[in-house]
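Here the structure comes first, spelled out in structure tokens, and everything after it is commentary.
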Ligand SMILES: Cc1ncc(COP(=O)(O)O)c(C=O)c1O
């Protein structure tokens, strides 16, 4: 018998790869181009020359952030800002959380990447943890890189499972920027007229401030939810693959339907044999308070939950967790992502889940969130621009209107308010079909005193802008 060729033998050396590598690690090895100090102007020049024009920033004079701590961001000049938007509802553990940063460094020193063609510890540990915190009956996860990808995967899987072609989506929803998820995003300018993948249908969401039926809660009989049956019957030929909804719409303007909405639509979806997908990209990981997932407040058991944003608290990662029956015939020929489930992102996500548990964010988001909403309602009493205050936990929206009777959207005013807030050290987000909703979705690390300071700034900015009207 021939001996195995020597080249295939394992090479044994003394000391682990890590031990040898640690000796070499030093800041000096980081590219000088990253370590040198830049001004805002220099970066802006580079961006103007080389970045795709699609990349735009908030504010007339965009801020150049270089660091952060907790809920505070620091710019290149050393100015500090309270971040009530967490990037975009993303950095739930705040900036520079010691456990989060240590985990990323620890994993980077070991193994940043290999594909899911091979087993890795972080991917396995993460999916086990997800199964522990998922809504009832959901155990099978697939990890990708973003919310859009997660939704694409969940929808593909639903179509394959049901053998049905149609997906019903809520008006004003936002589900991503791939061709299909754009088409499923009905928040105005976010749709994609060039794309039009087939099979997407829309149904009303529970938007009481501007009820599409002109009714008032609770006398409305939640017609917005019941209308789904009409959509399925008249627009899908009863061939429903999936219904997908955010428990609270984020990009659409922090819209929270009446509590019965999801129970009613869930019943209808099940009546027609569809898959219920809860898009928890913004509401996931405790943001809505007390529960890990927004849909759990409605006592609805979804078939699939999709996630991203706070999942990695800044590190790119998305994914879904599904009922095992639905996940069963989803195969590698259906789905593979080069970076999906990479060790670095998965390790960061494991750290995020542990931080949420150890810091008791679920309770905190409920208690601090209730207090935040109350203070914002007090602010509403003093400011005619605030038409509506809504949301749950640490996900609150202020819909700004020029006139509380006509509800004309205060689209220009919001830009001025955001500029003033930024100048005074406060960052808030913007959303809504008419871009007139202030979005407050801070890191769950935010403190009560930071929120009090934020209210003082918001109050001053609103006063200044209202004076000019
Ligand atoms: C509810 C919801 N779903 C999906 C997405 C898409 O996520 P991503 O930007 O990671 O693709 C977003 C992004 O804002 C979102 O808010």
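Is it true that some residue in region 244-256 is closer than 29 Å to residue 140 by Cβ, assigned to a loop (DSSP other than H, G, I, E, B), at pLDDT below 95 and in contact with a helix residue (DSSP H, G or I) (Cβ under 6 Å, 6 or more places away or on another chain)? Checking region 244-256: not a single residue is closer than 29 Å to residue 140 by Cβ, assigned to a loop (DSSP other than H, G, I, E, B), at pLDDT below 95 and in contact with a helix residue (DSSP H, G or I) (Cβ under 6 Å, 6 or more places away or on another chain). Here residue 207 passes the criteria (1) at pLDDT 95 or above; (2) at positive phi; (3) within 16 Å of the ligand (Cβ to nearest atom) except the one numbered (2).
In this structure, residue 197 does satisfy being within 30 Å of residue 54 (Cβ to Cβ), assigned by TED's automatic domain parsing to the domain that holds residue 297 and touching a helix residue (DSSP H, G or I) at 6+ places or on another chain (Cβ under 7 Å). Scanning region 227-261 for residues that are under 11 Å from residue 274 (Cβ atoms), away from the ligand (no atom under 16 Å from the Cβ) and either crowded, with 17+ Cβ neighbours inside 10 Å or under 18 Å from the mean Cα position of the chain (by Cα) (or both) yields 228, 232, 236, 240, 241.
Across region 277-292, the number of residues qualifying as surrounded by fewer than 24 Cβ atoms within 10 Å (Cβ to Cβ) and in contact with a strand residue (DSSP E or B) (Cβ under 8 Å, 6 or more places away or on another chain) comes to 1. Looking at the structure I just gave you, is residue 264 more than 10 Å from the ligand (Cβ to nearest atom), within 21 Å of residue 346 (Cα to Cα) and in contact (Cβ under 8 Å) with a residue 24 or more places away in the chain? Judged against the criteria, residue 264 is not a match. Restricted to helices (runs of 4 or more DSSP H) entirely inside region 71-181, those with at least 2 residues that are surrounded by 22 or more Cβ atoms within 10 Å (Cβ to Cβ), within 14 Å of the ligand (Cβ to nearest atom) and within 22 Å of the chain's Cα centre (by Cα) are 86-89, 147-162.
Condition check for residue 445 on (1) buried (at least 18 other Cβ atoms within 10 Å of the Cβ); (2) in a loop (DSSP other than H, G, I, E, B); (3) in contact with a helix residue (DSSP H, G or I) (Cβ under 8 Å, 6 or more places away or on another chain): one failure, at (3). Here residue 92 clears all of (1) out of contact with any strand residue (DSSP E or B) (no Cβ under 8 Å at 6 or more places or on another chain); (2) at pLDDT 95 or above except the condition numbered (1).
The values are calculated or read from the model by the stated rules, or taken from the named source; none is laboratory data. Computed from a prediction, not measured in an experiment: that's the story for all the values here. Note that each Cβ is placed from the backbone with ideal geometry, even for glycine, and that neighbours are counted across all protein chains shown.
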